[in-house]
Amino acid sequence: MKPKILIIGACGQIGSELTFKLREMYGSSNVIASDISYSNLGVVNTGIFEVVDARSYSSIKICVDKYQIDTIYLMAAMLSATGEKYPMKAWDLNMESLFHVLNLAKSNVIKKVFWPSSIAVFGPTTPVESTPQYTIMEPSTVYGITKQVGERWCEYYFNKYGVDVRSLRYPGIISWKTMPGGGTTDYAVEIYHKAVTDGAYECFLSENTKLPMMYMNDAIKATVDIMEAPAEAIKVRSSYNLAAMSFTPKEVAQTIQEIYPDFKMSYSPDFRQAIADSWPRSIDDTKARADWGWHHEFELQDITREMLFQLDKKYHSPLKKSN
Ligand code: AKB
């Protein structure tokens, strides 16, 4: 039987592409997209869409009842950089929404939950290279704290109440369809837009800041795969380390210059540098690979080629020019 899915935060960077993929897999009538506002018309106009406030239990519950939802993907969150500007708002949104969804599963209103965690669960005392699944975790951002606490609660709800909750520690995600919002890894998307529109980019991280990254197609595949895996295969009920590649701003710039030789890169690190410096440089995801067969497909060169191709079409298509 096909799941009946609610995606909360469907207008965001990952939520939007996940919505398209799940509609393709399970049919549009089985996938309800929702967000706090109609901020992504691509999502809103191509299937069922509801306004849902992730901070409100009743807002979520009304939608769950209306469509007989059995599976929730909770993609709404305040990310690392915005979270540092609004710590209490980040705490409220990230934690309240998780409790609402876990409690719906605890009381058997829904059966299955996906909740994204992040490399932000790690902190300055974590080993920086090949960061293991189980290690020291002392996050120094509000976002990281919410994700770490959230992981503990997910595992607790699984152990104590049998809630089928599954989670991944996403690295920075690169995509061309929807912009990311308020993260520290956002430079790795902005750089491609600026390369196409301006031929130059001033990066808010320093040139040798290495961070774990992944192409959107791989992130969506991982999300779908962990949710499709048999329950016995999911041995980690906090959240799985997930990796594809790691690179620095200088390395992305070099791959862009192979295609756009005149592309100019400059650096002006801001408050996000300290956040990036507190995160791992690379991740060991052996456990995800062993437990449910995770593997990535896209490397940096593939991503650069695809991003520049798609964004060039988006910004420079004849239709765009005539508008
Ligand atoms: C962020 O930069 O805050 C996010 C993340 C790594 O979770 N992209």
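The values are calculated or read from the model by the stated rules, or taken from the named source; none is laboratory data. It should be emphasised that the depicted structure is a prediction, and the values quoted were computed from it without experimental measurement. All Cβ positions, glycine included, derive from the backbone under ideal geometry; neighbour counts span all protein chains shown.
Structure summary
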{"read-out": "Out of Glu232, Glu306, Glu251, sole residue that is loosely packed, with under 14 Cβ neighbours inside 10 Å and either outside any loop (DSSP other than H, G, I, E, B) or in contact (Cβ under 8 Å) with a residue 12 or more places away in the chain (or both)", "value": "Glu232"}
{"read-out": "Region 36-82 - residue that is over 24 Å from Asn108 (Cα atoms) and assigned to a helix (DSSP H, G or I) and, of those, nearest to the chain's Cα centre (by Cα)", "value": "Ser80"}
{"read-out": "Filter result for Tyr201 (among the aromatic types (Phe, Trp, Tyr), more than 25 Å from Phe122 (Cβ to Cβ) and surrounded by 22 or more Cβ atoms within 10 Å (Cβ to Cβ))", "value": "yes"}
{"read-out": "Region 254-275 - residue that is in a loop (DSSP other than H, G, I, E, B) and out of contact with any Phe, Trp or Tyr (no Cβ under 7 Å at 6 or more places or on another chain) and, of those, nearest to the ligand (Cβ to nearest atom)", "value": "Phe271"}
{"read-out": "Total residues in region 276-295, condition within 16 Å of the ligand (Cβ to nearest atom) and either assigned to a helix (DSSP H, G or I) or farther than 21 Å from Cys203 by Cα (or both)", "value": "4"}
{"read-out": "Filter pass, Ser238 being touching a Cys at 6+ places or on another chain (Cβ under 9 Å) and either touching a residue at least 40 places away in the same chain (Cβ under 8 Å) or not acidic (Asp, Glu) (or both)", "value": "yes"}
{"read-out": "Flag if Phe114 is within 16 Å of the ligand (Cβ to nearest atom) and aromatic (Phe, Trp, Tyr)", "value": "yes"}
{"read-out": "Qualifying position, being surrounded by fewer than 20 Cβ atoms within 10 Å (Cβ to Cβ), outside any loop (DSSP other than H, G, I, E, B), more than 19 Å from the chain's Cα centre (by Cα) and away from the ligand (no atom under 13 Å from the Cβ), among Tyr134, Tyr156", "value": "Tyr156"}
{"read-out": "Region 174-196 - residue that is closer than 20 Å to Ala81 by Cα, among the β-branched types (Val, Ile, Thr) and away from the ligand (no atom under 12 Å from the Cβ) and, of those, surrounded by the most Cβ atoms within 10 Å (Cβ to Cβ)", "value": "Ile191"}
{"read-out": "Filtered residues of region 137-153 (kept if away from the ligand (no atom under 15 Å from the Cβ) and either crowded, with 17+ Cβ neighbours inside 10 Å or closer than 23 Å to Met214 by Cα (or both))", "value": "Trp153"}
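Yes/no matrix, rows are residues, columns are (1) under 26 Å from Tyr215 (Cβ atoms); (2) surrounded by 18 or more Cβ atoms within 10 Å (Cβ to Cβ); (3) among the aromatic types (Phe, Trp, Tyr); (4) outside the structural domain of Gln273 (by TED's automatic domain parsing):
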| site | (1), (2), (3), (4) |
| --- | --- |
| Asp35 | yes, yes, no, yes |
| Gln68 | no, no, no, yes |
| Met88 | no, no, no, yes |
| His100 | no, yes, no, yes |
